[in-house]
Amino acid sequence: MNSAHKLPDHHRLALFGDIDSTNSEALRRAHRCEPGGVWIVAERQLQGRGRSGRMWQSEKGNFYGSLLLQLDIAPDALQQLPLAIGVAAYDAISAVAQLPENSALHLKWPNDILLERAKLGGILIESMKPAGATATYVAIGIGLNLAHHPDDATRAATNLNAHNYAVTPSAMLQALAHAIDLRLGVWDLGRGNESIRQAWLQRAIGIGDEVSVKLSTEVCHGIFEGIDDQGALRLRQKDGTKRRITFGDVMLHA
């Protein structure tokens, strides 16, 4: 299968038609302590999900995949991983769709991929360490709107085909697999995180702008001043105080 899909040699591939979610399948394999390095890809997810348990509409024609890895890594370093995956996803989309250098493709903290300020895709990273395992299992889930997108009045969404970029799920898988492999090598279990952080900042939207951040119990407002070395958002509030935010939803202002 690898040669047909031109994945890195150390990656395996498990293909599905319908599945509950690719991350759920990845975590089931982790629970059984199966070897990492496997891409789990489906044509359609029946119970796709995003952050905070949100449902992810998952019809055929888009990309739905999870990479299951085994990483001997400290929890603090694991918090940096979404930066590396975001940069890799950005690079893969740019390459396979042949986007121009001035395209309106951006990363939005913490895990969204935007095209012309509308959601093109998202990233969900989950981890577990089963009893008896020596390394942490990490499921890197990626959903990308290639052919269509959900109709959601609460947030703008888009797909590549709507912008005249024709990309197949198979081509997207190949681009993602190699881009992630490259960026994970640079990240080097957190030792190369500053390089990844700078690459993320170059691809981000909203830095220096006024934003709102929806937290579990409140909405805070201020200037988005970037991210720290752990990937947390830096927000300068209107009274001048600075706030470090590790979990929330950023709302861009027009």
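Observations on the model:
- Flag if I123 is farther than 30 Å from C33 by Cα, touching a helix residue (DSSP H, G or I) at 6+ places or on another chain (Cβ under 7 Å) and of a type in the set (V, I, T): no
- Look at the stretch 15-31: where a residue is under 17 Å from P169 (Cα atoms) and a partner is not small (G, A, S) and not in a strand (DSSP E or B), sitting 6+ places away or on another chain with Cβ atoms under 6 Å, you get D18/L46; I19/E25; S21/Q47.
- Residue match in the stretch 176-192 (condition: β-branched (V, I, T) and either farther than 26 Å from G231 by Cα or in contact with a strand residue (DSSP E or B) (Cβ under 9 Å, 6 or more places away or on another chain) (or both)): yes
- Some residue of the stretch 211-228 being closer than 27 Å to P75 by Cα, under 22 Å from the mean Cα position of the chain (by Cα), among the acidic types (D, E) and not assigned by TED's automatic domain parsing to the domain that holds L124: yes
- The condition of being at positive phi and modelled with pLDDT under 95 does not hold for G226.
The values are calculated or read from the model by the stated rules, or taken from the named source; none is laboratory data. Source: prediction; values computed, not measured. Because the Cβ atoms are built from the backbone with ideal geometry, glycine has one as well, and the counts that use them run over all protein chains shown.
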